[in-house]
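**Student:** For reference, the structure I am asking about is given below.
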Amino acid sequence: MESTMSDLELKDIQGLVVRGYGSLEAACYIPLQIQDGEAARHWLVTLADQITNADTRPTHTALNVAFTHAGLVDLGLDAETLASFPNEFTEGMTSERSRRVLGDHGENAPEKWVWGGPNTPPVQILLICFAVDEPTLETFSGSLSRGFSGVAQIGETLTTILLRDPQTGYSKEHFGFRDAISEPLIEGLGKSGPPATTVKAGEFILGYPNEYDLLTERPTVRVERDSQGLLPDDPSESGVRDLGRNGSYLVFRQLHQDVGRFWQFLDDATKDAVGNSDPEAQVRLAAKMVGRWPSGAPLVRAADQDNPELGQENDFGYHDTDPLGRRCPLGAHIRRTNPRDSLDPNLGPQKTLAINKRHRILRRGRPYGDPVSASMQIEDIMSADKSGDRGLHFICFNANIGRQFEFVQQTWINNPKFAGLYEDTDPLIGDRDPRGIMHANVFTEQAMPARRRVTDLPQYVFVRGGAYFFMPGIRALRYLGSLKALP
Ligand code: HEM
């Protein structure tokens, strides 16, 4: 079964799943708790009318909503339906299993989080608001708050900022590198691109065939529990309705970035024999760690120096051009998080690519906190005062949290035994203590005549909050609003 454009029920899919609303410059996330289930359900029905669906391209404001497992419980979803959600979602991001899988210990332990951890009230609903500019966002989120009924905000609104490079207009992250270049294209959405980056809709949106040509596991409801017939029939089983269709799982991680520590480490690691700093060498090492230059140019295409003309380049693999990692190191951030056609050289590029497509994620996060330099140019970032709280509100969508986000985090980012390496983890965000024992924290650059190794990488990205959410389709949202109080 092929999913074609007409197959995708865009009007029922929440917009953020298919687009990042790049033209809406302002965004915030409002964490909510349910105080009165009955009133909250009524409020949800009204909210459903305001939700931005994937069929529209908003130019003024956009609104999407997602729920944690605790939220679905307090909305009154019955135990049998709740049990049809996957374990990763049900247990949440702070369970013993998730902590182990994600490497959330030490400085990243959920006990230290500012939201989503065991020491802060549980987030049940997340409102995701976008607007064309900050004043519009303020008015928009203010009017939403005034309409709250049965729900109340807990904790701070999570604010965001777009870090545009003023020269090119492209978005960057706080360390100074261009971000949001490589995204999988959802098959059937109408945008064409290289087959290697085009992924079946079912990898991100529930209810459609995935890269196994199967429907991904999804939550279902007994027919008698949907007396108003709000939900579609489940295509593969009789007697149940599909609560998951057109929904997705949203992974949220608040990642604090210590920009000072990042650039200090690069300076220390590249000083010459008499202790002089070498800014060029710092940028080069940072680029090797990311796998792209600050402009975005990929190292497989521009191994020795930045080439802004290649800033948007995303049609490349590693198998033919760089099998040994001499251009883009095997452990670079982009090579770990998406090994493309080089995952297993023994399988050959085509098979590898097919396997790789089962572990893709759709990134939709935005940075937060003031930039260290408004220009976002590396030279200015290096010399600026870097104090302050800033980072990335990392958000990604996937249809199977365990097989996609958690797999990437555990098997690729935090695994010291990756692609023949044995002492490295992801140089940007990897666990600095992956075996719970003292670890060398190495970054290896494959090179001739001998590899180069940098040791004692410090931690400069810290988890500060997070949760797993279910972002339902809009019919499913109405269904949640129609639930009756449990006896
Ligand atoms: C503060 C934390 C992070 C920073 C600063 C960061 C930075 C970057 C940069 C600069 C790129 C290159 C731009 C691009 O290819 O689009 C990138 C790509 C990517 N990152 Fe991250 N990242 C962070 C966290 C994460 C996390 C937590 C994950 C997943 C668990 C992740 C997954 C990816 C993926 C999948 C790509 C695209 C790779 C490709 O397709 O070639 N990143 N990141």
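The values are calculated or read from the model by the stated rules, or taken from the named source; none is laboratory data. Computed from a predicted structure; not experimentally measured. Ideal geometry is used to build each Cβ from the backbone, glycine not excepted, and the neighbour counts take in all protein chains shown.
**Student:** For segment 109-147, which residues satisfy the criterion of being loosely packed, with under 14 Cβ neighbours inside 10 Å, free of Cβ contacts under 8 Å to residues at least 40 places away in the same chain and closer than 30 Å to P434 by Cα?
**Tutor:** Selection gives E111, P118, N119.
**Student:** Within the set of pairs 6 or more residues apart or between chains, which connect a residue that is near the ligand (Cβ under 7 Å from one of its atoms) inside segment 328-340 to a residue that is charged (D, E, K, R) with Cβ atoms less than 8 Å apart?
**Tutor:** The qualifying pairs are H333/D426; I334/R292; T337/D426; N338/R360.
**Student:** Given the condition under 29 Å from F462 (Cβ atoms) and among the basic types (K, R), answer yes or no: does some residue in segment 55-75 qualify?
**Tutor:** Checked against the condition, which is being under 29 Å from F462 (Cβ atoms) and among the basic types (K, R), segment 55-75 yields no hits at all.
**Student:** Yes or no: segment 309-319 includes at least one residue that is among the hydroxyl-bearing types (S, T, Y) and out of contact with any Asp or Glu (no Cβ under 8 Å at 6 or more places or on another chain).
**Tutor:** no
**Student:** Could you pull out the residue among A70, A66 that is surrounded by fewer than 19 Cβ atoms within 10 Å (Cβ to Cβ), of a type outside the set (D, E) and over 30 Å from D165 (Cα atoms)?
**Tutor:** Residue meeting the stated conditions: A70.
**Student:** Can you tell me how many residues in segment 125-156 are more than 19 Å from the chain's Cα centre (by Cα) and under 25 Å from G481 (Cα atoms)?
**Tutor:** Number satisfying all stated conditions: 16.
**Student:** If the Cβ limit is 7 Å and pairs must be 6+ apart or interchain, which residue in segment 234-256 that is closer than 23 Å to L189 by Cβ and not assigned by TED's automatic domain parsing to the domain that holds Y460 pairs with which residue that is at pLDDT below 95 and within 16 Å of the ligand (Cβ to nearest atom)?
**Tutor:** Listed by first residue and then by second, the contacts come to nothing, as the list is empty.
**Student:** If a residue must be away from the ligand (no atom under 16 Å from the Cβ), surrounded by fewer than 19 Cβ atoms within 10 Å (Cβ to Cβ) and in contact (Cβ under 8 Å) with a residue 60 or more places away in the chain, how many such residues does segment 190-223 contain?
**Tutor:** Looking only at that region, the number is 5.
**Student:** Further question on the same structure: Within the set of pairs 6 or more residues apart or between chains, which connect a residue that is without any contact (Cβ under 8 Å) to a residue 60 or more places away in the chain inside segment 400-412 to a residue that is within 10 Å of the ligand (Cβ to nearest atom) with Cβ atoms less than 6 Å apart?
**Tutor:** Hits for this filter: F407/H359.
**Student:** For segment 302-317, which residues satisfy the criterion of being closer than 20 Å to A180 by Cα and either part of a loop (DSSP other than H, G, I, E, B) or hydrophobic (A, V, I, L, M, F, W, C) (or both)?
**Tutor:** Scanning segment 302-317 gives A302, D306, N307, L310, G311, Q312, E313, N314, D315, F316, G317.
**Student:** Being within 25 Å of A303 (Cα to Cα), of a type in the set (D, E, K, R) and away from the ligand (no atom under 16 Å from the Cβ): is that true of D234 here?
**Tutor:** Here the answer is no, as D234 does not meet what is asked.
**Student:** Just to be sure before I move on: is I205 within 30 Å of S373 (Cα to Cα), at pLDDT 95 or above and within 17 Å of the chain's Cα centre (by Cα) in the structure I sent?
**Tutor:** no
**Student:** For R164, all conditions in the list (1) under 29 Å from E183 (Cα atoms); (2) out of contact with any Ser or Thr (no Cβ under 7 Å at 6 or more places or on another chain) hold save one; what is the number of the exception?
**Tutor:** (2)
**Student:** Got at least one residue in segment 272-283 being free of Cβ contacts under 8 Å to residues at least 40 places away in the same chain and assigned to a helix (DSSP H, G or I)?
**Tutor:** Scanning segment 272-283, I find at least one residue that is free of Cβ contacts under 8 Å to residues at least 40 places away in the same chain and assigned to a helix (DSSP H, G or I), so the answer is yes.
**Student:** Right, another one. Do you know which residues across segment 209-264 are in a loop (DSSP other than H, G, I, E, B) and out of contact with any helix residue (DSSP H, G or I) (no Cβ under 8 Å at 6 or more places or on another chain)?
**Tutor:** D213, E217, R218, S227, G229, D234, P235, S236, E237, S238, D258, listed by residue number.
**Student:** Scan Q410, Q404 and give me the residue that is surrounded by 21 or more Cβ atoms within 10 Å (Cβ to Cβ), within 16 Å of the ligand (Cβ to nearest atom) and part of a helix (DSSP H, G or I).
**Tutor:** Q404
**Student:** How many residues are closer than 17 Å to G365 by Cα and within 16 Å of the ligand (Cβ to nearest atom) when one looks only at segment 129-177?
**Tutor:** Here the count works out to 14.
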